[in-house]
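Chemist: Would you mind keeping the following structure in view while I ask a few things?
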Amino acid sequence: MPKSKRDRPGQNSFFLDSFMVLLSENDTELGSFTLSKTKKKGREHKECIVNGIREAVEKYSSVYVFSFENMRNIKFKEFRQQFRHNGRFFLGSNKVMQVALGRSASDEIHPGIFKASKLLHGDAGLLVTDMPKEDVESLFNAYEDSDFSRTGSTAVETVELKEGPLEQFTHEMEPFLRKQGMPVRLNKGTVELLSDFVVCEEGKPLSPESSRILRLLGIKLATFKLNLVCRWSPSDFELYRERLDLSNVETS
């Protein structure tokens, strides 16, 4: 029997070497495929953020610290557009933003601005703007947008489906619903729930199955909201949250 040419010694390595040469001649890139390593964001990236914040503070008159709940990138981009002509937003490492403003009275970039720096913790960001205070407050207070909850987020209410027909689902959905743990069957072409079923419980994290079912039901339990924490300007400092202790903020 003649030898197979498929496993000829050295053939695979020859083609691999030729392919690597072709890639190297084209800057290790062919279409969307690349062999080059992605550099991690290091010191230079952090310095760029610090410099950007400090330049914005010099350019604009007020600095706001805000917190956010259930961040949604697309929704945030829409909100940010309202400040595109007279302000800049900064999100990222709280420690890096604190360094930019100054962590204490001894290293702050402007008198009193370290108070705002101390309130950068948790899900927080910076807005540096020239927009009148009343307009900023109005935009933040008015903005709120509902969305579907994501896996792992905490359910804000209990959702329970009662036994009986689920006419909002077509018969093709029955196998998928069973895979999500729902006790269902087809009854004369209609999806039927065999017993009461708790989709999610208030205060407990959502499972992947619960998140999918809520989306299918069209139930939005997450609310993307931005909350003002404080405002700094060269002439004053203001807290927006009553529960915050001003004496703790003022200590360096």
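The values are calculated or read from the model by the stated rules, or taken from the named source; none is laboratory data. These numbers were taken from a predicted model, which means no experiment stands behind them. Counting neighbours? That spans all protein chains shown, and the Cβs are built from the backbone with ideal geometry, glycine included. Calculation scope for accessible area: heavy atoms of the full protein, side chains included, ligands and nucleic acids excluded. Shrake-Rupley method; radii C 1.70, N 1.55, O 1.52, S 1.80 Å.
Chemist: Where the second residue is part of a strand (DSSP E or B) and the first is farther than 12 Å from Asp147 by Cβ and lies in the range 211-223, which pairs have Cβ atoms under 9 Å and are six or more apart or on separate chains?
Modeler: Close Cβ pairs (under 9 Å, with a partner that is part of a strand (DSSP E or B)) amount to Ile213/Val159; Ile213/Leu161; Ile213/Phe197; Ile213/Val199; Ile213/Cys200; Leu217/Val159; Leu217/Leu161; Leu217/Val199.
Chemist: Would you point out which residue out of Arg72, Arg150 is among the basic types (Lys, Arg) and open to solvent by less than 40 Å² (accessible area, probe 1.4 Å)?
Modeler: It is Arg72.
Chemist: Another question about this same structure. Taking Glu134 as meeting all but one of (1) open to solvent by 60 Å² or more (accessible area, probe 1.4 Å); (2) not in a helix (DSSP H, G or I), write down the number of the exception.
Modeler: For Glu134, the failing item is (2).
Chemist: Something else now. Filter the range 28-78 for residues that are at pLDDT below 85 and among the β-branched types (Val, Ile, Thr) and give the result.
Modeler: The answer is Thr28, Thr34, Thr38, Ile74.
Chemist: Next question, about the same structure. So which pairs qualify, if the first residue must be in the range 137-154 and within 29 Å of Val63 (Cα to Cα), the second must be part of a helix (DSSP H, G or I) and of a type in the set (Phe, Trp, Tyr), the Cβ gap must be under 6 Å, and the two must be at least 6 apart or on different chains?
Modeler: Pairs that qualify, where the first residue is within 29 Å of Val63 (Cα to Cα) and the partner is part of a helix (DSSP H, G or I) and of a type in the set (Phe, Trp, Tyr), are Tyr143/Phe79.
Chemist: Restricted to the range 141-183, and to residues that are assigned to a loop (DSSP other than H, G, I, E, B) and of a type in the set (A, V, I, L, M, F, W, C), which residue is nearest to Arg80 (Cα to Cα)?
Modeler: Phe148
Chemist: Go through (1) over 26 Å from Pro111 (Cβ atoms); (2) open to solvent by less than 60 Å² (accessible area, probe 1.4 Å); (3) under 27 Å from the mean Cα position of the chain (by Cα) for Glu157 and report which single condition fails.
Modeler: Unmet condition: (2).
Residue-by-condition table, conditions (1) within 18 Å of Asp236 (Cα to Cα); (2) under 20 Å from the mean Cα position of the chain (by Cα); (3) in a helix (DSSP H, G or I):
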position: Glu58; (1), (2), (3): yes, no, yes
position: His85; (1), (2), (3): no, no, no
position: Ala105; (1), (2), (3): yes, no, no
position: Leu119; (1), (2), (3): yes, yes, no
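Chemist: Could you tell me which numbered condition Leu126 fails, if it satisfies all but one of (1) over 27 Å from Glu201 (Cα atoms); (2) open to solvent by 70 Å² or more (accessible area, probe 1.4 Å); (3) within 28 Å of the chain's Cα centre (by Cα)?
Modeler: In the conditions (1) over 27 Å from Glu201 (Cα atoms); (2) open to solvent by 70 Å² or more (accessible area, probe 1.4 Å); (3) within 28 Å of the chain's Cα centre (by Cα), Leu126 misses (2) alone.
Chemist: Failed condition for Glu209, given (1) surrounded by 13 or more Cβ atoms within 10 Å (Cβ to Cβ); (2) touching an Asp or Glu at 6+ places or on another chain (Cβ under 8 Å), with all others met?
Modeler: The failed condition is (2).
Chemist: Applying the selection to the range 75-110, what residues are small (Gly, Ala, Ser) and in contact (Cβ under 8 Å) with a residue 24 or more places away in the chain? If you could, list the steps in order and put the result at the bottom.
Modeler: We begin by selecting, within the range 75-110, every residue small (Gly, Ala, Ser); these are 87, 92-93, 100, 102, 104-106.
Selection gives Gly87, Gly92, Ser93, Ala100, Ser104, Ala105, Ser106.
Chemist: Let me ask you something else. Does Lys220 meet the test of being in contact with a strand residue (DSSP E or B) (Cβ under 7 Å, 6 or more places away or on another chain), open to solvent by 50 Å² or more (accessible area, probe 1.4 Å) and under 29 Å from Ile74 (Cα atoms)?
Modeler: Values: in contact with a strand residue (DSSP E or B) (Cβ under 7 Å, 6 or more places away or on another chain): yes; open to solvent by 50 Å² or more (accessible area, probe 1.4 Å): yes; under 29 Å from Ile74 (Cα atoms): yes.
When the stated conditions are applied, Lys220 passes them.
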